[in-house]
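Enquirer: Dropping the structure in here first, questions after.
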């Protein structure tokens, strides 16, 4: 079996890209083989938020680690997943993958209203209501946007975990910590970093938010500078891994694609079969794969389909 195969690492569906990750329990857990979106299963049952952690059906902390797939309309990444990938899903993050200062609230509400109907009654759907907002005030603009979108989701999936973006490319987490969404349950907040750019200062900001009770989820990170290109800073990435693991924060690497930039997990001109070839991985892809295959729990017999 290819251990870096989308089927082996649990895919996650997004608006125009896919994310995949593996659930990793950090405590004893209640397991469920309930059917999820795409035909996959939910090894820890339907997830929820307790305090500032993601937890399983038994209330024990669960940490998710994995890979983002790429834009579905961009050949550099779209060729690495298909219908069979979707059939291998376990936990699914549906991401409004948009980076700008304009809130397309009506379109986001329409999208999440439709997708949450598909997820209604499923055990494995999580929702990311905006990937990376830029110059937007949290309390005046971003928070009301998230509340409106979450309300649309709740019409169909009352208990689904919603992960909401924080200002300035998901780095001003302290703004959300000072004024969190209090009228909804099962809400988490995004933190994004690229190790070549974001270092101890951002970890300090994240820790301040954690200490105020804010549940964080790293829905995107890279080993490179924030441009997505340039040399991978593997030493700094290790410091981030230690921080995330110590605080039981889930994290997803950007991305399974062969775009000509260092953040891509695959080398340029790769083909789908190359996902299984270590020789075709980039420096970042090889490093991230080692982290995932070292830390992620292997499925237990009878837990889920053996992909």
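The values are calculated or read from the model by the stated rules, or taken from the named source; none is laboratory data. Here the structure is a predicted model, which means the values were calculated and not measured. Cβ coordinates were reconstructed from backbone atoms using ideal geometry, including for glycine residues, and neighbour counts include every protein chain displayed.
Enquirer: Return only the number of the condition from (1) modelled with pLDDT of 70 or more; (2) in contact with a helix residue (DSSP H, G or I) (Cβ under 9 Å, 6 or more places away or on another chain) that residue 107 does not satisfy.
Expert: Unmet for residue 107, out of (1) modelled with pLDDT of 70 or more; (2) in contact with a helix residue (DSSP H, G or I) (Cβ under 9 Å, 6 or more places away or on another chain): (2).
Enquirer: Let me ask you something else. Tell me the residue from 203, 290 that is over 20 Å from residue 68 (Cα atoms), modelled with pLDDT of 90 or more and not in a loop (DSSP other than H, G, I, E, B), please.
Expert: Criteria check complete, one pass: 203.
Enquirer: A further question follows. Pick from segment 168-187 the residues that are within 30 Å of residue 123 (Cβ to Cβ) and in contact (Cβ under 8 Å) with a residue 40 or more places away in the chain: which of them is surrounded by the fewest Cβ atoms within 10 Å (Cβ to Cβ)?
Expert: So the first thing to find is which residues in segment 168-187 are within 30 Å of residue 123 (Cβ to Cβ), and the list is 170, 173, 176-177, 180-187.
Narrowing further to those that are in contact (Cβ under 8 Å) with a residue 40 or more places away in the chain: 170, 173, 185-187.
Working: 170: 26, 173: 26, 185: 14, 186: 22, 187: 21.
Among residues in segment 168-187 that are within 30 Å of residue 123 (Cβ to Cβ) and in contact (Cβ under 8 Å) with a residue 40 or more places away in the chain, the one surrounded by the fewest Cβ atoms within 10 Å (Cβ to Cβ) is 185.
Enquirer: Further, regarding this structure: Please indicate, with yes or no, whether at least one residue in segment 114-133 is closer than 18 Å to residue 222 by Cα, within 13 Å of the chain's Cα centre (by Cα), modelled with pLDDT of 75 or more and not in a strand (DSSP E or B).
Expert: Yes; the residues of segment 114-133 include at least one that is closer than 18 Å to residue 222 by Cα, within 13 Å of the chain's Cα centre (by Cα), modelled with pLDDT of 75 or more and not in a strand (DSSP E or B).
Enquirer: Mind checking whether some residue in segment 149-167 is farther than 15 Å from residue 129 by Cβ, touching a residue at least 24 places away in the same chain (Cβ under 8 Å), surrounded by fewer than 20 Cβ atoms within 10 Å (Cβ to Cβ) and in contact with a helix residue (DSSP H, G or I) (Cβ under 9 Å, 6 or more places away or on another chain)?
Expert: Taking segment 149-167 first, the residues farther than 15 Å from residue 129 by Cβ are 158-159.
Adding the requirement that they be touching a residue at least 24 places away in the same chain (Cβ under 8 Å) leaves 159.
Going one step further and asking which of them are surrounded by fewer than 20 Cβ atoms within 10 Å (Cβ to Cβ), we end up with 159.
Next, from what is left, pick out any that are in contact with a helix residue (DSSP H, G or I) (Cβ under 9 Å, 6 or more places away or on another chain): none.
No, there is no match, as no residue in segment 149-167 is farther than 15 Å from residue 129 by Cβ, touching a residue at least 24 places away in the same chain (Cβ under 8 Å), surrounded by fewer than 20 Cβ atoms within 10 Å (Cβ to Cβ) and in contact with a helix residue (DSSP H, G or I) (Cβ under 9 Å, 6 or more places away or on another chain).
Enquirer: Any idea which of (1) at pLDDT below 90; (2) surrounded by 20 or more Cβ atoms within 10 Å (Cβ to Cβ) is the one residue 62 doesn't satisfy?
Expert: (1)
Enquirer: Another question, then. When the residues of segment 134-161 are filtered to those that are assigned to a loop (DSSP other than H, G, I, E, B) and in contact with a strand residue (DSSP E or B) (Cβ under 8 Å, 6 or more places away or on another chain), which remaining residue is farthest from residue 178 (Cα to Cα)?
Expert: It comes out as 157.
Enquirer: Look through segment 86-97, keep the residues that are farther than 20 Å from residue 44 by Cβ and surrounded by 21 or more Cβ atoms within 10 Å (Cβ to Cβ), and return whichever of them is modelled with the lowest pLDDT.
Expert: 97
Enquirer: Please determine, by comparing only the residues of segment 65-80 that are buried (at least 18 other Cβ atoms within 10 Å of the Cβ) and at pLDDT 65 or above, which one is nearest to residue 269 (Cα to Cα). Before the answer, list the steps.
Expert: At the first step, the residues of segment 65-80 found to be buried (at least 18 other Cβ atoms within 10 Å of the Cβ) are 65-71, 76-77, 80.
Checking the rest, the ones that are also at pLDDT 65 or above come to 65-70, 80.
On the way: 65: 26, 66: 23, 67: 19, 68: 19, 69: 16, 70: 15, 80: 12 Å.
In this case the residue turns out to be 80.
Enquirer: With respect to residue 190, is the statement that it is in contact (Cβ under 8 Å) with a residue 60 or more places away in the chain, within 16 Å of residue 130 (Cα to Cα) and either touching a strand residue (DSSP E or B) at 6+ places or on another chain (Cβ under 9 Å) or in a loop (DSSP other than H, G, I, E, B) (or both) true?
Expert: On the way: in contact (Cβ under 8 Å) with a residue 60 or more places away in the chain: yes; within 16 Å of residue 130 (Cα to Cα): yes; either touching a strand residue (DSSP E or B) at 6+ places or on another chain (Cβ under 9 Å) or in a loop (DSSP other than H, G, I, E, B) (or both): yes.
So residue 190 passes the test.
Enquirer: Please go through segment 206-250 and give me each residue that is assigned to a strand (DSSP E or B), touching a residue at least 60 places away in the same chain (Cβ under 8 Å) and within 23 Å of residue 184 (Cα to Cα), ordered by number.
Expert: 216, 217, 219
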